[in-house]
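Following: one structure in structure tokens, then a few remarks.
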Amino acid sequence: MIRVGIILGSTRPGRNGEAVARWVHDLAVKRGDAAYEVVDLADFELPHLDEPQAAATGDYRHEHTRRWADKIASFDAFVFVTPEYNHSFPGVLKTAVDFLYAEWGNKAAGFVGYGVDGGVRAVEHLRHVLAMLGVATVPAQVTLSY
Ligand SMILES: Cc1cc2nc3c(=O)[nH]c(=O)nc-3n(C[C@H](O)[C@H](O)[C@H](O)COP(=O)(O)O)c2cc1C
């Protein structure tokens, strides 16, 4: 069965993202044609990028990177749940993306953005970054205001 990771891109205490990701998950599991799992960045406690080699080499020296890589490699597709911070997506999500390379590539992604303006600029920036990694993105997106 296709495995879809719902990436919760916010780690802020009191974040709205947890409820949004749960809502996405609850809706998704009703489909029954894929397996869905919420991936909470807060559970991985990634530091600022601290790998000496570029992620494209796959030469991961740190246990936290290997743990993150194993999780992302286990999915065929993703739904990114992201708030908008200062017209972009959160730095913690950018770091989580930057830590890996092959684990993202040749997979598909959809988006649920949220924020004052529905997270549209955050999702646009994220699309741009994922294009570099060979992620095929779904044009339609969910926009939630707060
Ligand atoms: C640092 C910061 C910057 C923000 N910048 C924007 C912004 O540029 N545009 C917007 O629509 N909302 C912005 N917001 C509002 C958030 O998108 C909104 O509060 C969202 O629910 C926060 O998600 P979270 O609770 O999961 O962290 C910002 C919030 C924070 C904390």
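The values are calculated or read from the model by the stated rules, or taken from the named source; none is laboratory data. If you're wondering where the values come from, they're calculated on a predicted model, not measured in any experiment. Every residue, glycine as well, gets a Cβ built from its backbone with ideal geometry; the counts of neighbours run over all protein chains shown. Keep in mind that these areas ignore ligands, DNA and RNA; they rest on the heavy atoms of the full protein, side chains included. Shrake-Rupley method; radii C 1.70, N 1.55, O 1.52, S 1.80 Å.
Do any strands (runs of 3 or more DSSP E) entirely within the stretch 59-146 hold 3 or more residues that are of a type in the set (Val, Ile, Thr), and if so, which?
Of the strands (runs of 3 or more DSSP E) lying wholly inside the stretch 59-146, those with at least 3 residues that are of a type in the set (Val, Ile, Thr) span 77-83.
Could you pull out the residue among Tyr146, Tyr85 that is within 16 Å of the ligand (Cβ to nearest atom), more than 12 Å from the chain's Cα centre (by Cα), open to solvent by 10 Å² or more (accessible area, probe 1.4 Å) and at pLDDT below 95? Give the derivation first.
On the way: Tyr85 fails: at pLDDT below 95.
Within the list Tyr146, Tyr85, the selection yields Tyr146.
Test Arg22 against the criterion of being within 13 Å of the ligand (Cβ to nearest atom), surrounded by 12 or more Cβ atoms within 10 Å (Cβ to Cβ), outside any strand (DSSP E or B) and not aromatic (Phe, Trp, Tyr), and give yes or no.
Numbers: within 13 Å of the ligand (Cβ to nearest atom): yes; surrounded by 12 or more Cβ atoms within 10 Å (Cβ to Cβ): yes; outside any strand (DSSP E or B): yes; not aromatic (Phe, Trp, Tyr): yes.
Judged against the criteria, Arg22 is a match.
Looking at the stretch 25-67, which of its residues are closer than 23 Å to Pro90 by Cα, open to solvent by 80 Å² or more (accessible area, probe 1.4 Å) and aliphatic (A, V, I, L, M)?
Within the stretch 25-67, just Leu49 meets the criteria.
Kindly indicate whether Gly5 is within 11 Å of the ligand (Cβ to nearest atom), in contact (Cβ under 8 Å) with a residue 12 or more places away in the chain, open to solvent by less than 30 Å² (accessible area, probe 1.4 Å) and out of contact with any His (no Cβ under 7 Å at 6 or more places or on another chain).
In short, no.
Quick check: is even one residue across the stretch 21-43 more than 20 Å from Ala108 (Cα to Cα) and hydrophobic (A, V, I, L, M, F, W, C)?
Yes; the residues of the stretch 21-43 include at least one that is more than 20 Å from Ala108 (Cα to Cα) and hydrophobic (A, V, I, L, M, F, W, C).
If Val116 passes every condition in (1) more than 12 Å from the chain's Cα centre (by Cα); (2) crowded, with 17+ Cβ neighbours inside 10 Å but one, which one does it miss?
Only one criterion is unmet by Val116, namely (2).
So is Thr95 among the β-branched types (Val, Ile, Thr) and more than 20 Å from Ala109 (Cα to Cα) or not?
Considered against the rule, which asks whether it is among the β-branched types (Val, Ile, Thr) and more than 20 Å from Ala109 (Cα to Cα), Thr95 comes out as no.
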